[in-house]
Amino acid sequence: MGASESGELIAGSGFMISTLDSPPGRLLAGQIAQLVYSAEFPIYKRVLHIEDVVKLVRCPFGIYSFATVKTVFDASGQLVAILNTRLLTCGSSILTQLRRDARYLGVPALLRVIARSIWYRTKIYGSLEGDGSWHIEHLAVCPTLQGQGVGRALLKYAEEEAKTASAPTMTLEVLSSNVGAKRLYERQGFVAAPPEPPSRFWRQEASQYMIKEL
Ligand SMILES: CC(C)(COP(=O)(O)OP(=O)(O)OC[C@H]1O[C@@H](n2cnc3c(N)ncnc32)[C@H](O)[C@@H]1OP(=O)(O)O)[C@@H](O)C(=O)NCCC(=O)NCCS
C-alpha cells in the first residue's frame, strides 16, 4: 500500500504528492473512499454506499486503478488529499471499464447512470475522445487542511503530467454551486465548456464542464 518514493514536496507545507505503487490496502482504501465520497459528486451518495466506494477504490481494473490516483500524505502518514485523473482514450473503452466496475461492485444503477453520462459526454466532447485528453475525475482535500494551497498544487502536478504525456487538453466537471472549486479551476486557466443535457437519473443539481488547453 506504499506510495512511490518519487513524489514532489508541496512548497512550504511539508506534504508530499505521490502516486501509489501498489493497490491500496483496506485502511488506505477506506481513507481514499472517504475523500472521494465527501467530494461533491452527488451520484455517489444516491447510488453507492461508502463500502461500495471502498470496493471501487480496491478494484484492480477500476476507474480508481491505484496508478491513476495521486495522493498527498502528511509527515505522520495520514492521507491529506487525492486527485484521480483518467486518460480519455475513447468512449467505448471507458464504458468497458465502467461496466467491469459496476459488475464487480454489483451495482447496476451505477452502470446505467454512468453509461448515460458517458454517452452525452461522447456527443459533446466527440472530438476529445480518443485524442489523449486527461479528465480530472476527483479532487478532494481533507476539510481541516483546505485553503492551504494543496488543491492548487495537486492540480498543477497533474497538469505537468498531462503535458509530459502530450495531452492536448484537461477536462473536469464541477457542481455549479461549488463556488470554491470553480474559483480554483478558473484561476488555473480552466474555462466553461458546453453543459451536459440534464438527466433524471444523473443529477438534480446543475453542473459545469470545464476545459483547459495545454
Ligand atoms: C476544492 C478543493 C479541492 C480546493 O483545495 P484547497 O486545497 O482547499 O484549495 P487551495 O488552498 O489550493 O486554493 C486554491 C485556490 O482555490 C480557491 N478556493 C479554494 N477553496 C475556496 C473556497 N472555499 N472559496 C473560495 N475560493 C476557494 C482560492 O481562491 C485559491 O486561490 P488563491 O489562493 O489564488 O485565492 C477543496 O476545497 C476540497 O477538497 N473541497 C471539497 C471537495 C470538492 O469540492 N472537490 C472538487 C470537486 S470538482
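Conditions (1) near the ligand (Cβ under 10 Å from one of its atoms); (2) surrounded by 20 or more Cβ atoms within 10 Å (Cβ to Cβ); (3) at positive phi, marked per residue:
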| position | (1), (2), (3) |
| --- | --- |
| Gly147 | yes, no, yes |
| Val150 | yes, yes, no |
| Ala153 | yes, yes, no |
| Ala162 | no, yes, no |
| Pro168 | no, no, no |
| Val174 | yes, yes, no |
| Asn178 | yes, no, no |
For segment 128-143 the number of residues that are at pLDDT below 80 and either within 9 Å of the chain's Cα centre (by Cα) or in a strand (DSSP E or B) (or both) is 1
Within the bounds of segment 158-170, is there any residue that is of a type outside the set (Lys, Arg) and under 21 Å from Ala33 (Cα atoms)? yes
Selected residue [farther than 19 Å from Gln31 by Cβ, part of a loop (DSSP other than H, G, I, E, B) and touching a residue at least 40 places away in the same chain (Cβ under 8 Å)] from Ala167, Ala158: Ala167
In segment 34-56, which residues are assigned to a helix (DSSP H, G or I), within 16 Å of the ligand (Cβ to nearest atom) and modelled with pLDDT of 75 or more? Gln34, Leu35, Val36, Tyr37, Ser38, Lys45, Ile50, Val53
Assuming Asn178 fulfils every condition listed in (1) of a type outside the set (Gly, Ala, Ser); (2) touching a Phe, Trp or Tyr at 6+ places or on another chain (Cβ under 6 Å); (3) in contact (Cβ under 8 Å) with a residue 60 or more places away in the chain apart from one, which condition is it? (2)
Every residue in segment 180-194 that is surrounded by 16 or more Cβ atoms within 10 Å (Cβ to Cβ) and either modelled with pLDDT under 90 or away from the ligand (no atom under 14 Å from the Cβ) (or both), please. Ala193
Report yes if some residue within segment 23-30 is away from the ligand (no atom under 14 Å from the Cβ), at pLDDT below 75 and crowded, with 20+ Cβ neighbours inside 10 Å; otherwise report no. no
Subset of segment 73-85 (residues that are of a type outside the set (S, T, N, Q) and either out of contact with any helix residue (DSSP H, G or I) (no Cβ under 6 Å at 6 or more places or on another chain) or free of Cβ contacts under 8 Å to residues at least 40 places away in the same chain (or both)): Phe73, Asp74, Ala75, Gly77
Condition test on Ile114, is it modelled with pLDDT under 90, more than 16 Å from Ala81 (Cβ to Cβ) and under 15 Å from the mean Cα position of the chain (by Cα)? yes
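The values are calculated or read from the model by the stated rules, or taken from the named source; none is laboratory data. All figures in this text were calculated on a predicted structure; none of them were measured in a lab. Cβ coordinates were reconstructed from backbone atoms using ideal geometry, including for glycine residues, and neighbour counts include every protein chain displayed.
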